[in-house]
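Notes for the one structure printed next.
The values are calculated or read from the model by the stated rules, or taken from the named source; none is laboratory data. It should be emphasised that the depicted structure is a prediction, and the values quoted were computed from it without experimental measurement. Positions of Cβ are backbone-derived with ideal geometry, glycine not excepted, and every protein chain shown enters the neighbour counts. Keep in mind that these areas ignore ligands, DNA and RNA; they rest on the heavy atoms of the full protein, side chains included. Shrake-Rupley method; radii C 1.70, N 1.55, O 1.52, S 1.80 Å.
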Amino acid sequence: MAIRFKRILRLSDPTDKSSVKRTYPIISYKYDTAATLKEVAQEISGNSGVSEGETISVLKDFRTLLRKTLLGGRSVNIDGIGYFYLSAQSKGADKPEDFSASDITGLRICFRANKDIRINAGASSTRTDGLTFKDLDRINDDGSGTPSGGEGEGEDPSV
């Protein structure tokens with residue numbers, strides 16, 4: 001199984017515009033489309049003997065309950081899958097006493113994969129998991145020596 005990536009140039013310190021630019025990988029997904037609910041349900045259905053319709057219903061119910069539980073102030077830990085939790089966004093304040101709930105500009109649902117499904121990117125672990133990396137810039141290289149990813153900022157890997 002090959003993990004496809006491209007190279008992009010990005011500031012080594014995003015908070016310092018004068019910092020040196022370095023090359024970082026950005027994952028490129030096969031066909032650039034996400035697996036759909038129907039595709040996932042078909043796969044689960046084929047493996048478990050549960051109908052596709054029942055699988056879709058359970059997955060939709062999970063989505064509804066996940067949102068309700070998170071907005072109710074609790075995190076969600078699904079054994080063997082991972083941990084869902086909320087993160088608040090704001091511009092910040094200079095002093096703690098100057099910060100209030102009205103300074104919160106948004107919420108983000110975060111996910112931390114369980115160790116059972118976590119992918120370790122170390123050189124030895126990828127080989128033992130049967131993973132390889134495929135450099136799409138080398139495949140698509142036009143001979144100029146410049147990565148086809150260009151100098152864009154790319155996606156934020158922490159999101």
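Please list, in order along segment 52-63, the HN-Hα scalar couplings obtained from phi with the Karplus expression 6.51 cos²θ - 1.76 cosθ + 1.60 (θ = phi - 60°), rounded to whole Hz, x for Gly and Pro.
4, x, 5, 5, 4, 4, 5, 5, 5, 5, 4, 4
As an exercise, take the mean of 1/r over every pair of distinct alpha carbons in segment 35-74, invert it, and state the Kirkwood radius in angstroms. Spell out each step's value before the answer.
Working: mean 1/r = 0.0928 Å⁻¹.
Computed over Cα pairs of segment 35-74, the Kirkwood hydrodynamic radius comes out at 10.8 Å.
Using the Cα centre of segment 35-74 as origin and beta-carbon charges of +1 (Lys, Arg) and -1 (Asp, Glu), tell me which of Ala41, Gly73, Thr55 is placed farthest towards the positive end of the dipole.
Positive-end residue among those listed: Gly73.
When a/c is below 1.5 the answer is rounded, else prolate if a/b is larger than b/c, else oblate, so apply that to segment 1-76 with a ≥ b ≥ c taken from the square roots of the Cα gyration tensor eigenvalues. Each step should come with its number before you reach the end.
Working: a/c = 4.73, a/b = 1.74, b/c = 2.72.
Because a/c hits 1.5 or more and a/b fails to exceed b/c, segment 1-76 counts as oblate.
State the extension gain, in nm to one decimal, for the chain segment bounded by Val20 and Ile109, taking 0.36 nm per residue of separation less the distance between their alpha-carbons. It would help to have the intermediate numbers written out before the result.
Values: separation 89, 0.36 × 89 = 32.04 nm, distance 3.19 nm.
Contour length minus the Cα-Cα distance gives 28.8 nm.
At a 1.4 Å probe radius, carbon and sulfur cover how many percent of the accessible area of segment 35-74?
Values: 1690 of 3050 Å².
Carbon plus sulfur share of accessible area: 56 percent.
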